[in-house]
Every structure is written in C-alpha cells, then in structure tokens.
Amino acid sequence: VGAGVQSCATVVMYKIKRITSEYIDTEDRIRLIGLTEDGKTHALWFTLRLTNRLVVHCLNLLDQLSPEINKSAIDAQSRNDVQNLVQQSATRQIVEEPPVEMERDSFDFLVQEIDVSYTPEAVLMSFRDPVKKGYELQLDLQQLRQWLAMLYVIWQKAEWPTEIWPDWMVENKTELNVRESPIH
C-alpha cells in the first residue's frame, strides 16, 4: 500500500492489541494510538494520501473475502444492499471500550509504508517507520468492518473527500455514538 523501499535491515516488530483512532485537526492527520503486547503505547500518524490507499485496499479486500455476498446477490444493487446489511450488523456490534491513552514516553512516528496480507478470516496490516520499528495490527473481518466504519466517521469530521467510500458504507444507517473524543 505504501510507497517506500524495503530494506534488508532487521525491523523490530510490535503487535498491537488495541487501538484508538482520531483525527487531529492541527496536523490534518489521523493518529492511531496502539497498545502493544508489552503494555506500551505508540502513536502512528497517517496522511490523507496513505490512508486513502489503505482504505481502498481494505474495502476491496472485504469484497474479495466475502464471496457469499457476491454469490447471493443478483446484480450490483443487490450486492450493495447485502454489503450494507453486513456493515450495519458489524457497526451495531461495536463495543464501547476506554480509549488507549498516550503515555508521556510513547514513541510516535509518521507511517510511510504499509503492507497488507490476509487470509479468509483476517487481515494483517504491518506499519513501518524509517528507524526500523514496525507494528502489526490483525483484524478479523468483523473488526475490519468496524474499524472502517469508525474511519468513515473520522473522515467526515476531517472533511476529507469521501469519493473513495462505497455506497454500502455511506448508506450505513447505524449511528455510531460519536462525541468529540477519539474512536476506538
């Protein structure tokens, strides 16, 4: 997804257990605060350009990894309707959790490269920085749909162009309980 050159140097990889995503107006970027397995927090910053690419890729994966939707739907409108129902269901099942809070000594960087791999059950995103640290976030398809729903809300708050979002996401009638706080 990213536009960076891979090197052969060893990358220290952290596994992210929980995330909080938020738009930071003064930076005009999305900040993902991740809680890693070792209990530390790390802030990963995403530009519109890179996030755009990631979202499009993840939306395409949902189409690709949901063959039952394509089989059950007769035409494009039917597929859109079924995707919308599945998305609404995933969004309704979002469980409110306390946000991941930044710690004073949290590492923070601008993500420059993202690798995405997947199985029929999950998507693994690997985020890398220039100083050879990497972060892995694994989401099952339900979690991916939930995160994308949250990103869409953040996207609207940021007033970023919404052309990349498919109708089945835009038409999602389920309301997220969104305040001025981060989304997690």
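Odds and ends about this structure:
- Across 17/133; 17/157; 15/40; 15/157; 40/157, pairs whose alpha-carbon gap is larger than 18 Å: 17/157; 15/157; 40/157
- Distant-in-sequence amide contacts of residue 112, defined by a placed amide H-H separation under 5 Å and a gap of 5 or more residues or a different chain, comprise 128.
- Ranked by the mean number of other Cβ atoms within 10 Å per residue, highest first, peptides 16-28, 143-155 order as 143-155, 16-28.
- Residues whose amide H lies under 5 Å from that of residue 107, counting only those 5 or more places away or on a different chain, are 43; hydrogens are built 1.01 Å from N in the peptide plane.
- Net length gained if the chain between residue 68 and residue 142 were fully extended (0.36 nm per residue, minus Cα distance): 25.2 nm
- Accessible surface of segment 22-101 [probe 1.4 Å, protein heavy atoms]: carbon and sulfur percent: 50 percent
The values are calculated or read from the model by the stated rules, or taken from the named source; none is laboratory data. Predicted model only: the values in this text are computed from it and were never measured. Methodologically, a virtual Cβ is constructed for each residue, glycine included, from the backbone with ideal geometry; neighbour enumeration extends over all protein chains shown. For accessibility, only protein heavy atoms count, side chains too; no ligands or nucleic acids. Shrake-Rupley method; radii C 1.70, N 1.55, O 1.52, S 1.80 Å.
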